[in-house]
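This report refers to the structure that appears directly beneath it.
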Amino acid sequence: MSRLTHVTSGPYAPPPAARELTAVSADGARLYVQVHGPEGAPAVVLAHGWTCSTAFWAAQVRDLATDHRVIAYDQRGHGRSPAAADADGYSTRALADDLEAVLAAALAPGEKAVLVGHSMGAMTLVAAAGRRGLREHGAAALLCNTGASDLVAEATVLPMRAGRLRTRLTRSVLGSSAPLGPVTPVGRSVLKYATMGRAASREQAEACARIVHSCPRLVRRSWSHMLRTLRIDRNVPELTLPTRVVTGLADRLTPPVHARRIAAALPDGRLTELTGVGHMSPVEAPDAVNLAIRELTGAYLGTASAPQAETPARETPANETPVPVTPANETTAGERDSVRKKPAPTNSGQTKEEAA
């Protein structure tokens with residue numbers, strides 16, 4: 001491919017992997033896997049979303065690989081993983097099979113990891129709920145900017161009233177196989193509008209545009225069919241791992257209604273809403289996402305406590321209204337949390353969390 005598949009400098013440029021390997025899925029599909037960080041360190045597995053690649057996780061890898069073993073892989077047809085051989089390879093079953101293959105290839109038998117998914121990567125974790133691989137290797141999960149059904153009907157990318165016309169037009173846009181071409185200022189602006197909040201920087205938008213534009217158009221279209229017909233709601237209660245759900249309040253692709261629905265259905269879930277952040281929270285709000293991962297590894301893999309963050313967030317029981325928190329700095333995403341299941345009370349009876 002002639003055009004750049006990711007930025008090559010700055011905080012969103014992916015660092016070189018310490019080790020690379022290939023996982024082989026149930027149907028023989030080969031998946032590119034990279035490993036960062038020290039051997040023997042607590043493990044984190046990253047599953048990216050539609051039209052992205054391992055490069056999407058650059059900010060997480062740079063932060064976490066100092067004291068974690070970070071495992072990232074390319075979904076079928078993305079990055080350095082070959083495209084599926086037939087239509088059956090573009091399915092939630094294939095996503096779950098592939099995740100199990102990566103876990104088996106990258107982790108020792110019985111080794112636990114915090115599993116992190118963004119968008120279609122989070123759908124992968126939900127699709128694999130109840131699978132033997134998740135039971136064997138999952139310690140906790142983080143689901144970023146995702147949904148379980150009705151993705152097209154509830155997307156707000158097109159500034160129109162909800163209804164059949166908007167749904168039909170959104171389906172056409174998301175299912176298009178038109179080539180995106182090289183990244184231009186206009187293309188970058190369109191991508192930013194559709195996928196990011198207004199506060200996203202030019203550097204962040206450029207990083208996302210490079211990755212998305214490098215996805216082969218037929219792969220993009222093939223996976224879009226799976227997304228248009230997605231219905232994995234019944235899998236959500238089967239995800240019994242302690243799970244944190246992160247959403248951006250400015251997410252147009254998977255608006256917060258999806259995250260709230262998932263968090264409410266999880267047996268052990270907690271919801272975090274990021275003010276001013278769109279669909280690309282790991283890029284737009286890397287500090288908040290990295291902190292959430294560190295909190296999960298600290299709680300469920302026994303690592304050191306996560307560092308304190310500058311912006312506070314409050315948790316409330318599911319039947320109460322979350323209290324918005326004003327960011328200390330308006331360029332930093334504010335965050336508010338809702339405990340969906342049994343919050344642990346402090347002395348005052350209210351749980352509280354620090355968030356970036």
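The values are calculated or read from the model by the stated rules, or taken from the named source; none is laboratory data. Remember, predicted model here, so these are calculated numbers, not experimental data. Every residue, glycine as well, gets a Cβ built from its backbone with ideal geometry; the counts of neighbours run over all protein chains shown. We work out accessible area using only protein heavy atoms, side chains counted, and drop any ligands, DNA or RNA first. Shrake-Rupley method; radii C 1.70, N 1.55, O 1.52, S 1.80 Å.
Structure notes:
- When 201, 177 are screened for being closer than 21 Å to residue 49 by Cβ, open to solvent by 20 Å² or more (accessible area, probe 1.4 Å), free of Cβ contacts under 8 Å to residues at least 24 places away in the same chain and not aliphatic (A, V, I, L, M), only 201 passes.
- Within the range 35-44, considering residues that are open to solvent by 10 Å² or more (accessible area, probe 1.4 Å) and touching an Asp or Glu at 6+ places or on another chain (Cβ under 9 Å), the one nearest to residue 294 (Cα to Cα): 42
- Among the residues examined, residue 47 qualifies as modelled with pLDDT of 95 or more and either in contact with an Asp or Glu (Cβ under 6 Å, 6 or more places away or on another chain) or surrounded by 24 or more Cβ atoms within 10 Å (Cβ to Cβ) (or both).
- The residues listed here are 221, 188; of these, the one that is touching a residue at least 40 places away in the same chain (Cβ under 8 Å), open to solvent by 20 Å² or more (accessible area, probe 1.4 Å) and within 21 Å of the chain's Cα centre (by Cα) is 221.
A quick yes/no check of all residues on (1) open to solvent by less than 20 Å² (accessible area, probe 1.4 Å); (2) farther than 28 Å from residue 288 by Cα; (3) touching a Lys or Arg at 6+ places or on another chain (Cβ under 9 Å):
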| position | (1), (2), (3) |
| --- | --- |
| 125 | yes, no, no |
| 132 | no, yes, no |
| 140 | yes, no, yes |
| 148 | yes, no, yes |
| 164 | no, yes, no |
| 167 | no, yes, no |
| 171 | no, yes, yes |
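- Inter-residue pairs, beta-carbon under 8 Å, first within 16 Å of residue 235 (Cα to Cα) and in the range 115-144, second in a loop (DSSP other than H, G, I, E, B) and among the basic types (Lys, Arg), 6+ apart: 138/112
- Residue count for the range 1-35, restricted to those that are closer than 25 Å to residue 146 by Cα, under 20 Å from the mean Cα position of the chain (by Cα) and not β-branched (Val, Ile, Thr): 8
- Residues satisfying the stated conditions in the range 241-278, i.e. open to solvent by 10 Å² or more (accessible area, probe 1.4 Å) and part of a loop (DSSP other than H, G, I, E, B): 241, 242, 249, 250, 252, 253, 255, 267, 268, 275, 276
- Residue 98 vs. criteria closer than 29 Å to residue 291 by Cβ, open to solvent by 10 Å² or more (accessible area, probe 1.4 Å), at pLDDT 95 or above and part of a helix (DSSP H, G or I): no
- Qualifying position, being in contact (Cβ under 8 Å) with a residue 60 or more places away in the chain, at positive phi and among the polar types (S, T, N, Q), among 51, 22, 5: 51
- Within the range 52-73, the set of residues being crowded, with 23+ Cβ neighbours inside 10 Å, in a loop (DSSP other than H, G, I, E, B) and more than 13 Å from the chain's Cα centre (by Cα) comprises 68 only.
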